[in-house]
Amino acid sequence: MAKGKTLEDLYYDTLKDIYFAERQILRALPKMARAAQSAELKAGFEKHKEETEAHVERLQQVFEIAGKRAQGKTCEAIQGIIAEGEEIMEEFKGTAAVDAGLISAAQAVEHYEIARYGTLKTWAQNLGYKDAVVLLDQTLQEEAATDKLLTKLAVTAANQKAARAA
C-alpha cells in the first residue's frame, strides 16, 4: 500500500486523467462530425467540440485553484473508448447504422466524463475547493445535457433508420 497518498493526490491524479481525456476528445469530435450522416448529429458533434474547448479551459482553472500545473496523464480508458468509435466509423461507414453507432460511441465517452466530473466535484467539495465545485458542476451539467441530446437523436431518428435498413 502506498503510504502518504491523500485525497488531494487522488484528486490531482484524476484531474490529469480527465484533462488528457478532454484533449483526446477534442481530436476525435471533428472525425465523428465528418462521419455522421445526419445533419443534426453532425451539428451536435460540432457544438460539443466548442463545449469541450470550454471544458479544457475550465479544467485549467480547476488546476490553478488547486495550486497545480495543468497537465495530462495518459488515460487508457478514453483511448479505448475512442478506438471503439473509430472502429465503428470504419466498419459502418456509408451504412444506415453509422449514426446509431456514432451515438453509442459518443455516449460511452459522455458516461465516462459524467463519472469523472461527478467524482471530481464531490472531492472538490471535500477538499474545500468551492470555486472548483462550481466549474466542475458546470461541465458535469453540460455533459449530462449532451448525453440526453444523444439519446433523443438515437431514439427519434438514428436507431429507427438503422432498424428499417436491417
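The values are calculated or read from the model by the stated rules, or taken from the named source; none is laboratory data. Note that the structure is predicted; figures quoted are calculated from it, not measured. For neighbour counting, all protein chains shown are included, and Cβ atoms are generated from backbone atoms with ideal geometry for every residue, glycine included. To get the accessible areas, we keep the full protein, side chains included, count just its heavy atoms, and leave off ligands, DNA and RNA. Shrake-Rupley method; radii C 1.70, N 1.55, O 1.52, S 1.80 Å.
Criterion first (over 30 Å from GLN37 (Cβ atoms) and surrounded by 13 or more Cβ atoms within 10 Å (Cβ to Cβ)) does THR151 satisfy it? Answer is no for this residue.
Taking the criterion of being surrounded by fewer than 18 Cβ atoms within 10 Å (Cβ to Cβ), part of a helix (DSSP H, G or I) and free of Cβ contacts under 8 Å to residues at least 24 places away in the same chain, the residues of segment 98-133 that qualify are ALA115, GLY118, THR122, GLN125, LYS130.
Filtered by the rule that a residue be open to solvent by 70 Å² or more (accessible area, probe 1.4 Å) and hydroxyl-bearing (Ser, Thr, Tyr), segment 48-77 gives a lone residue, THR74. Taking the residues in segment 47-87 that are in a helix (DSSP H, G or I) and basic (Lys, Arg) as candidates, determine which candidate is farthest from THR14 (Cα to Cα). It comes out as LYS47. Among the residues of segment 21-36, is there at least one that is among the acidic types (Asp, Glu) and within 18 Å of TRP123 (Cβ to Cβ)? Scanning segment 21-36, I find at least one residue that is among the acidic types (Asp, Glu) and within 18 Å of TRP123 (Cβ to Cβ), so the answer is yes.
When you check GLY128 against the structure, is it of a type in the set (Gly, Ala, Ser) and touching a Leu at 6+ places or on another chain (Cβ under 8 Å), yes or no? No: the conditions fail for GLY128. Scanning segment 134-148 for residues that are farther than 30 Å from ALA39 by Cβ and either open to solvent by less than 50 Å² (accessible area, probe 1.4 Å) or among the charged types (D, E, K, R) (or both) yields LEU135, LEU136, ASP137. Within segment 39-46, the presence of at least one residue that is closer than 30 Å to LYS161 by Cβ, under 14 Å from the mean Cα position of the chain (by Cα) and open to solvent by 40 Å² or more (accessible area, probe 1.4 Å) is confirmed.
Applying the criterion of being part of a helix (DSSP H, G or I) and open to solvent by 70 Å² or more (accessible area, probe 1.4 Å) to the residues of segment 1-38, the residue that is farthest from GLU110 (Cα to Cα) is LEU10. Here GLU142 meets the list (1) in contact with an Asp or Glu (Cβ under 7 Å, 6 or more places away or on another chain); (2) outside any helix (DSSP H, G or I) almost entirely, failing just condition (2).
The set of residues in segment 78-97 being surrounded by 14 or more Cβ atoms within 10 Å (Cβ to Cβ) and either closer than 15 Å to TYR117 by Cβ or free of Cβ contacts under 8 Å to residues at least 24 places away in the same chain (or both) consists of ILE78, ILE88, PHE92.
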